[in-house]
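A.B. asks: Before anything else, here's the structure in question.
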Amino acid sequence: MDSSLIDLVFRSDKRKNLLILLDSGSKNIDEIRNALDVTSTSILPQIKKLIDNDLIVQEDKMYKLTVLGEFIIKKIKPLISALEVVEKNNSYWTGHDLNAVPRYLLERISELGDWVFIEPDLNHIYEPSQEIIDSMGNAKQVSTFASYFNPAYLPLYLELGRKDAELSLNFNQSVWDHLSNEHSNMINELMDMDNVSLYVSKDGIKLTEVTVTDRTMMLGLFDKKGKFDQQFVMSSESSALLWGQELFDYFKRLSRQVNKI
């Protein structure tokens, strides 16, 4: 894309938001003012610039995208959405290791949508956060990959399994060895449930956790020093659930199913 067009779109939120708005269909000036919460005085100069660059056109009293405008907005909308996801907490994304996430999913990071940031309660740092407990409570389906595991989650998985929730749990070898040695009773009970599948992955996957339920997706990453700070990204967007399930399935393909300790 020509640099002048990039500047035209990204150096003005009004122009950028107007193009996104018109992607949903033609609008008159009143609809534009109301949707963007702007005055006519502030938006008309931006409309003129977009018309002069053949990105929008006025027909009668309606404004709409030109063919070029449609092409441009379809190319930049994913970028805009991705930037919104990252800029919501830029320090988290820049301070954590994304190498374990496949490139094709990183390119679709915008699908996380309107996510929330979960931080540990320093007074109960070894306990699952209430937001995580609430997100998993009464779930009908749970898929988890974890290379760092808090045993406090095991009773929660058992409770869900007893309620006939479909559980797919994938642990790396180190976590599995610890759980099977130190919590064998609970692991054996999970193994005896027809609605629970257990998998083991090799060590070395640089991702803390991804958990997907029928309601939420939760992602945990190691920081750049390889440490887990118990911070999570959580989203309830339908696109985020699909994104998270794809990430879980990616690691599941690299794992082996286990039926006994």
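A.B. asks: Can you tell me which residue is nearest to residue 257 (Cα to Cα) among those in the range 172-207 that are in contact with a Leu (Cβ under 6 Å, 6 or more places away or on another chain) and touching a residue at least 60 places away in the same chain (Cβ under 8 Å)?
C.D. replies: Here the answer is 198.
A.B. asks: Assess whether residue 186 counts as being over 18 Å from residue 245 (Cα atoms) and in a loop (DSSP other than H, G, I, E, B).
C.D. replies: The answer is no for residue 186.
Results for (1) at pLDDT below 90; (2) loosely packed, with under 14 Cβ neighbours inside 10 Å; (3) of a type in the set (S, T, N, Q), shown as yes or no for each residue.
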| residue | (1), (2), (3) |
| --- | --- |
| 75 | yes, yes, no |
| 80 | yes, no, no |
| 90 | no, yes, yes |
| 117 | no, yes, no |
| 122 | yes, yes, no |
| 152 | yes, yes, no |
| 156 | no, no, no |
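A.B. asks: Is it the case that residue 44 is surrounded by 15 or more Cβ atoms within 10 Å (Cβ to Cβ) and of a type in the set (A, V, I, L, M, F, W, C)?
C.D. replies: no
A.B. asks: Checking the conditions here, which among 201, 147 is small (Gly, Ala, Ser) and at pLDDT 95 or above?
C.D. replies: Answer to the check: 201.
A.B. asks: Mind checking which pairs have a first residue in the range 55-66 that is touching a residue at least 40 places away in the same chain (Cβ under 8 Å) and a second that is surrounded by 21 or more Cβ atoms within 10 Å (Cβ to Cβ) and of a type in the set (Lys, Arg), Cβ under 7 Å, 6 or more apart or different chains?
C.D. replies: Taking only residues 6 or more apart or on different chains, not a single pair turns up.
A.B. asks: Residues being within 30 Å of the chain's Cα centre (by Cα) and either exposed (fewer than 12 other Cβ atoms within 10 Å of the Cβ) or in a loop (DSSP other than H, G, I, E, B) (or both): count how many of those fall in the range 16-27.
C.D. replies: Of the residues in the range 16-27, 3 are within 30 Å of the chain's Cα centre (by Cα) and either exposed (fewer than 12 other Cβ atoms within 10 Å of the Cβ) or in a loop (DSSP other than H, G, I, E, B) (or both).
A.B. asks: How many residues are more than 15 Å from residue 80 (Cα to Cα) and without any contact (Cβ under 8 Å) to a residue 24 or more places away in the chain when one looks only at the range 5-51?
C.D. replies: The number of residues fulfilling the criteria is 15.
A.B. asks: Out of (1) part of a loop (DSSP other than H, G, I, E, B); (2) touching a strand residue (DSSP E or B) at 6+ places or on another chain (Cβ under 7 Å); (3) crowded, with 16+ Cβ neighbours inside 10 Å, the odd one out for residue 198 is which?
C.D. replies: (1)
A.B. asks: Same structure, new question: Scan 30, 13, 52 and give me the residue that is loosely packed, with under 15 Cβ neighbours inside 10 Å, outside the structural domain of residue 205 (by TED's automatic domain parsing) and within 25 Å of the chain's Cα centre (by Cα).
C.D. replies: Within the list 30, 13, 52, the selection yields 13.
A.B. asks: Determine if the range 213-224 includes at least one residue that is modelled with pLDDT of 95 or more, of a type in the set (Val, Ile, Thr), more than 21 Å from residue 88 (Cα to Cα) and crowded, with 22+ Cβ neighbours inside 10 Å.
C.D. replies: So far as the range 213-224 goes, yes, one or more of its residues are modelled with pLDDT of 95 or more, of a type in the set (Val, Ile, Thr), more than 21 Å from residue 88 (Cα to Cα) and crowded, with 22+ Cβ neighbours inside 10 Å.
A.B. asks: Kindly evaluate residue 164 against the criterion of being part of a loop (DSSP other than H, G, I, E, B) and either out of contact with any helix residue (DSSP H, G or I) (no Cβ under 8 Å at 6 or more places or on another chain) or not assigned by TED's automatic domain parsing to the domain that holds residue 226 (or both). Reasoning before the result, please.
C.D. replies: Numbers: part of a loop (DSSP other than H, G, I, E, B): yes; either out of contact with any helix residue (DSSP H, G or I) (no Cβ under 8 Å at 6 or more places or on another chain) or not assigned by TED's automatic domain parsing to the domain that holds residue 226 (or both): yes.
When the stated conditions are applied, residue 164 passes them.
The values are calculated or read from the model by the stated rules, or taken from the named source; none is laboratory data. Bear in mind the structure is a predicted one, so any value in this text is a computation, not a measurement. When we count neighbours, we look across all protein chains shown, and the Cβ atoms used for this are built from the backbone with ideal geometry, even at glycine.
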